Amino acid sequence: MNILCSFAFSQLKRKKSRTVITASAIALSAALLTAVVNFVASGNAMLAGFLGEDYGLYGGAYMMMLLVPAVFLAALIAAMSVIVISNAFRMSANERMAQFGTLKCVGATKKQIYKTIMYECILLCIAAIPSGILLGYGLSFIGIGVANLYMDELNVLVRSMMKRVNFSLSFVFSPAALLISVIISLGTVLFAAMLPARKAMRISALDCMRNGGETDTSGYKRTKITVDAGKNIEFRMARKNVSSNRRRMHSAVTAFSISIMLFITMSGLQEIAEGIQNYIYRDQGYTVIADYTAKYKNTIHPKTGRRQQECAYPIDAQTAEEITQKLREYDETDVYGSGQDYATYVARLAARDITEELRQVLAEGSGEEQPEIILDVERIILDDRHYGELCEQAGTAYGGVILLNDYKYNDNGTERHIAPVEMTTSTLKLETADGSPEEITIDGVLETSEIPGTLMYPNTNPIRLVVPSAGVSVRGYNWMANPKDEEGFMAYARDILESYFPQYGMDYDEAGYTSRVYGAQDFVKIMNIAIVLAAFFLYAFVFLLGLIGVLNVISTVSFQIKLRARELAVLQSVGMTSDSIQKMLNMESILCAGKALAVGLPLGMGIVAVMAHCVKQIFPIAFHMPWTAILITILISVIVMWGTVRISAGAHKKQNIIETIRI
């Protein structure tokens with residue numbers, strides 16, 4: 001071990017508290033980077049087992065879904081680590097500026113000063129990075145274990161909707177992933193240490209000896225405070241101290257602000273996810289759903305140039321009715337059957353045939369009003385029993401066409417319902433993709449308040465017609481029921497559907513269709529599991545990244561109080577009591593926490609607002625700013641800053657005033 005390395009090692013032993021804090025920050029940084037890289041390796045193994053080594057047809061998209069979040073998280077960890085670790089080495093270098101000045105006076109070169117700091121960095125890396133990598137693998141193992149606790153239930157739910165699906169994360173030890181973790185961790189720490197090391201080597205010996213290496217004192221202004229016993233001198237001094245030391249506290253405030261921003265952002269993201277879940281799930285009063293869906297592809301008709309949908313195996317109304325009757329035979333269960341066709345027809349209407357509300361909505365979308373309006377048509381068929389009941393409700397004879405005069409649209413995050421067609425309209429001109437016309441008569445109309453809840457969703461086309469089922473084929477059909485014995489009915493329904501639509505072990509793409517039987521709450525459970533897992537991993541990540549920021553705050557605040565020991569002793573010598581000094585330091589901690597909150601809260605809330613705005617363009621969800629999380633963040637920020645100052649000031653009280661001033 002050369003003399004510079006020995007000198008660096010002795011400094012680490014002498015400054016044990018700072019060494020522990022810096023090593024902890026390095027270890028946490030390495031642990032987080034290792035956990036991210038290992039999760040990518042585990043996710044890659046799961047996708048490769050499920051989709052194949054090349055991820056199949058959409059391999060590029062799946063690879064981007066895996067790598068983009070990992071790169072973003074790794075960059076965030078690296079940026080936070082550079083801020084925190086660089087600040088730790090900067091404080092260490094500032095504390096030893098007089099020592100560096102002495103070394104330069106006796107012949108030490110700039111390169112040797114630089115090497116001294118870098119040797120400290122390397123020694124810390126040798127001790128901290130291996131332990132951090134082990135901690136990272138431990139975090140990965142625990143995280144994968146937590147995820148797999150939910151995977152079994154998730155697989156059961158998903159298999160009821162998607163055959164041949166098995167999600168399972170396994171702990172993967174990859175030498176390549178280990179090497180990547182080491183390289184990124186080491187590179188991050190070395191880069192963080194290089195910044196203060198280069199600054200220290202450039203400062204002249206005279207400046208090192210004279211003012212601790214602070215060659216630029218423009219940020220520190222001399223201020224005067226008039227002592228007035230009738231005024232709060234502690235607060236005024238605290239405000240002046242925070243203002244004059246803003247450069248020294250900059251990195252701590254920045255790291256703390258990032259932690260605050262991330263926590264608020266994650267809380268807002270969870271609120272948005274729950275809002276999407278509540279919107280997607282619609283309770284229609286049934287507990288079991290069976291469905292059939294045919295594979296399709298969208299093409300362009302060669303003559304008309306219009307979009308058309310080609311289904312491989314559509315289901316005809318007669319087959320759907322037969323299945324409905326067989327399902328009803330199970331313990332006399334009431335079954336509601338409905339099928340939809342969204343793409344066969346469009347309707348041509350004059351502007352006078354549609355309502356003013358719809359004209360405004362269409363004008364907002366296209367930017368101008370059209371003399372003739374072409375609207376997509378949704379045809380709905382129902383089982384015979386419920387179709388008859390709907391005809392009776394609409395006041396028309398069995399076999400009539402019923403217009404559901406309701407159109408749902410998203411008005412910047414608010415779900416709006418309007419009547420699209422004027423009540424004076426009695427016929428509609430429909431047209432297929434090849435241009436074939438068909439004119440139908442509207443026999444009955446149901447307005448928004450009259451439409452049954454089972455027919456309110458998804459409600460994506462402006463023209464919605466319930467038509468007689470005779471001779472009609474649709475791409476998909478649903479059977480909804482409220483059986484007394486759910487498990488028994490689901491097994492019975494699977495057998496019925498399998499007898500009509502055998503898949504012989506093939507999936508949706510291979511067979512050209514799929515049939516499923518599942519609980520109405522299954523989708524909600526899948527969403528809940530996904531939200532819980534995402535929240536667990538994201539909050540764990542934010543907590544550990546925030547812990548790095550807290551270590552930086554502890555290190556910076558304790559260093560500042562130690563650096564100001566002589567100043568505090570002088571204040572005591574001129575009559576300021578220990579309680580007054582403690583009060584001043586407490587106020588300084590609150591002001592510093594306030595500065596971090598003043599940056600982190602608006603940034604976090606701004607990001608949440610932007611995310612909510614983007615999501616509301618797609619989903620009309622009810623979103624509220626996560627005020628509970630914001631209040632918790634404010635409370636924790638003040639407690640952390642105040643507690644750090646309290647502990648550091650407690651150590652100062654034990655020092656002798658005369659000896660402190662003499663140093």
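The values are calculated or read from the model by the stated rules, or taken from the named source; none is laboratory data. Being a predicted model, the structure only gives us computed values, none of them experimental. Ideal geometry is used to build each Cβ from the backbone, glycine not excepted, and the neighbour counts take in all protein chains shown. Heavy atoms of the whole protein, side chains included, go into the accessibility calculation; ligands, DNA and RNA do not. Shrake-Rupley method; radii C 1.70, N 1.55, O 1.52, S 1.80 Å.
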> Ordered by residue, what ³J(HN,Hα) values in Hz, to whole numbers, does the stretch 251-260 give under the Karplus form 6.51 cos²θ - 1.76 cosθ + 1.60, where θ = phi - 60° and Gly and Pro are x?
Replying inline: 5, 5, 5, 4, 4, 5, 5, 4, 4, 4
> What's the FRET efficiency of Tyr398 with Thr441 using the Cβ-Cβ distance as r and R₀ = 22 Å, to the nearest 0.05?
Replying inline: 0.90
> Can you give the accessible area per residue of the chain, in Å², using a 1.4 Å probe?
Replying inline: 50
>> Given the options Tyr313, Pro302, Tyr292, identify the residue whose Cα lies farthest towards the positive end of the charge dipole of the stretch 271-367 (+1 on Cβ of Lys, Arg; -1 on Cβ of Asp, Glu).
In response: Pro302
> Too long at a 21 Å Cα-Cα cut-off: which of Lys326/Lys484; Lys115/Lys199; Lys240/Lys583; Lys240/Lys562?
Replying inline: none
>> Run the simple label-point estimate for His624 and Ile300 please: 7 Å along Cα→C-beta, distance reported in nm.
In response: 4.9
>> So if I restrict to the alpha-carbon atoms in the stretch 433-555, what is the Rg, and what is Dmax, the biggest pairwise distance, in Å?
In response: 24.3, 79
>> At 222 nm, what value in deg cm²/dmol follows for the chain if DSSP H runs of at least 4 each add -39500 (n - 2.57) and the sum is divided by all its residues, to the nearest 500?
In response: -21000 deg cm²/dmol
> How much FRET efficiency would the formula 1/(1 + (r/R0)^6) give for Lys408 and Asp579, where r is the Cβ-Cβ distance and R0 is 51 Å, rounded to 0.05?
Replying inline: 0.20
> Taking the mean number of other Cβ atoms within 10 Å as a proxy for protection, how do you rank 294-306, 324-336, 613-625 from highest to lowest?
Replying inline: 324-336, 613-625, 294-306
> Mind checking Rg over Rh on the stretch 406-485, alpha carbons, Kirkwood formula for Rh?
Replying inline: 1.01
> Cα extents of the stretch 365-443 along the three principal axes, largest first, in whole Å?
Replying inline: 43, 35, 24
> In nm, to one decimal, how far is the Ile632 label point from the Glu329 one, both placed 7 Å along Cα→Cβ?
Replying inline: 5.5
> What ratio of Cα Rg to 2.2 N^0.38 Å holds for the stretch 259-348?
Replying inline: 1.74
> Considering only DSSP beta bridges with both partners in the chain, what is the antiparallel share in %, to the nearest 5?
Replying inline: 90
> What's the Kirkwood radius of the stretch 246-300 in Å, using all Cα pairs?
Replying inline: 16.5
> Projected onto the charge dipole of the chain (+1 at Lys/Arg Cβ, -1 at Asp/Glu Cβ, origin at the Cα centre), which of Leu73, Ala511, Ser499 gives the Cα projection farthest towards the positive end?
Replying inline: Leu73
>> Using the Karplus curve 6.51 cos²θ - 1.76 cosθ + 1.60 with θ = phi - 60°, what ³J(HN,Hα) values do you get for each residue of the stretch 497-511, in whole Hz, with x for Gly and Pro?
In response: 5, 5, 5, 8, 10, x, 10, 6, x, 7, 8, 4, 5, 6, 7
>> I'd like the Karplus ³J(HN,Hα) series for the stretch 264-269: coefficients 6.51, -1.76, 1.60, θ = phi - 60°, whole numbers in Hz, and an x wherever there's a Gly or Pro.
In response: 5, 5, 5, 5, x, 4
>> How large is log10 of I(q)/I(0) for the chain at q = 0.05, 0.07, 0.08 Å⁻¹ when the intensity is taken from the Debye formula with one equal scatterer per alpha-carbon?
In response: -0.40, -0.68, -0.79
> If packing is taken as the mean number of other Cβ atoms within 10 Å per residue, what is the order of 268-278, 7-17, highest first?
Replying inline: 268-278, 7-17
> Quick one: length gained pulling Met456 to Met194 fully straight, 0.36 nm per residue minus the C-alpha distance?
Replying inline: 88.0 nm
> On a 0 to 90 degree scale, rounded to 10, what angle separates helix 3-14 from the longest Cα axis of the chain?
Replying inline: 80
>> Could you work out what % of the accessible surface of the chain is carbon and sulfur, using a 1.4 angstrom probe and leaving DNA, RNA and ligands out of the count?
In response: 61
> What is the packing order of peptides 187-193, 27-33, 122-128, taking the mean over residues of other C-beta atoms within 10 Å and listing the highest first?
Replying inline: 27-33, 187-193, 122-128
> Label-point separation (nm) for Asn278 and Ala127, each offset 7 Å from Cα along Cα-to-Cβ?
Replying inline: 5.1
